[in-house]
Amino acid sequence: MNDKDELQQHQDRGAPPRRRFLHTAVGVAALAGDLGLTGAQARAAGDNARYGGHGNGQGHGDWVTTWAGVAHGTYPSGTAILQPNLMFAFPGGTTSANDQSFRLIVRPTVWGETVRLRFSNVFGTQPLTLDDIYVGLQASAGTIEEDTNTPVSFRGGRRRVVIPAGQLLWSDPVSLDFARDPDRLLLFGRKLAISFHVVGSSGPMTWHSKALQTNYITAPGAGSHSKDENDEAYPYTSTSWYFLDAVDTRGVRNAVTVVTLGDSITDGTGSTLNGDDRWPDDLARRLHEAYGNRVAVANAGIGGNRILTDAGAGGPPALSRLDRDVLGLSGVTAVIWFEGINDLSAGASAESIIEGIRTGVATLRARRPGIKIIQATITSSLGSTNGTPELDARRQAVNAFIRSAGIFDAVADFDAATLDPATGRLRLEFQPNSSTAAIDFLHPNRAGYLAMARTIDLDLLAPYGGRRPRNP
């Protein structure tokens, strides 16, 4: 979305349920673990994760991306929401982390017995050195459930890793005993705490600014506190994710990944801080209710993003990030694409946006035959800073194309779900921001996101062999 205003803002089966140690998987190297990955290499890795060893793509435990927070640039450029003052975490205006630890909180949408982590130095200008990487089950705030915090290795067992500037790196697989029976242990909705130590100076920090999730940072020079189960060494908080941009899981029979590609409305502006009520979150809950622990939702939304052109703080255009942020993720069988309002705000014609959508659809189908594409209509911005009647006319022209083009597997009519026909604006009850109460006439709130998620046909997103949804 147009974020100009925001820029000025598991345990063996049969055993009693209890906490168990995680332990590192033995003798298995991470996919692409010996090399950093560029965007195209990330796409090849995503293909291998889906098709490798199975041929028909219907595996008994291929990787799926259970969480994503795709990177768009370097701190502090972005559209963070309710960001605390970071002058003590990163003093003197520095844009680097310096000998300090991060504890990032992420919510898996599918739980498997094994995970791997993808770290990004895509926008960095120097090699990034990390060590003492751990993954555990969050207890509360920055604390970790007892005996779940487990070391993560890279490249076949190394505890320290150097990620070259401009590249991504997957960790080795890590086995999670406690996640072997996630439904029994009520893991859906629980969160992982991923901790790591930045060795020396990181240089410019690749990040995802709009996490809408509280994360934890030590003071600079504090050294490694990744192993700590308590959070006493983490005095500072941030509502952004740093360096980590995806988490994969496996061990779930015939699971699949749905990617939601978009801008700030997909990224969650207007939703509740720490509430996990963006429309992709609502969709993930609907899919879990329909199909159980088998459909992952990876959010590839970036605040301020456009289809056609670089948006600065909003990151590279969607057309240039399909390899890294969609096809580079694991187990992807469907994409829900909702974007275009920022292009309109930047002056793009309806015709150029339509051509961009056609190009994106053709690219996805050529590179991933059989992928399902659901295109969402663009919601109203009438009354916002750039929401003029002339822009709205262009928006309606793009929506007319989306509804009638016939090149998508389905259309999610987000516009119809949120529009007040009497005013041409978002419905009144969808306007007040669920975190700040502000009204910008652009970003729906929790109620609006629930309405949007309900427009998506779950049948199209069924896992291999999936039954029809109980609640279509």
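Just to be sure I understand, if you calculate Rg and Dmax of the Cα atoms in Å for this structure, which of (i) 20.9, 64; (ii) 21.4, 72; (iii) 36.4, 102 do you get? Computed from the coordinates, Rg and Dmax of the Cα atoms in Å corresponds to (i).
If a/c stays under 1.5 just call it rounded; otherwise compare a/b with b/c (prolate if a/b is bigger, oblate if not). Do that for the stretch 251-461, with a ≥ b ≥ c from the square roots of the Cα gyration tensor eigenvalues. It is oblate, given that a/c is not under 1.5 and a/b is not larger than b/c. In terms of surrounding Cβ atoms within a 10 Å radius of their Cβ, Thr148, Thr206 rank from fewest to most as Thr148, Thr206.
Between the stretch 111-170 and the stretch 348-401, the C-alpha centres lie 36 angstrom from each other.
Quick check: from the Cα gyration tensor, does the stretch 99-206 come out rounded (a/c under 1.5), prolate or oblate? Since a/c reaches 1.5 and a/b is larger than b/c, the shape of the stretch 99-206 is classed as prolate. Each peptide in 284-297, 328-341, 404-417 was scored by the mean count of other Cβ atoms within 10 Å over its residues; highest first, the order is 328-341, 284-297, 404-417.
Readers should treat all values here as calculations from the given coordinates under stated rules, not as data from a laboratory. All of these numbers come straight from a predicted model, not from anything done at the bench. FYI the Cβ positions are ideal-geometry reconstructions off the backbone, even for glycines, and counts take in every protein chain you see.
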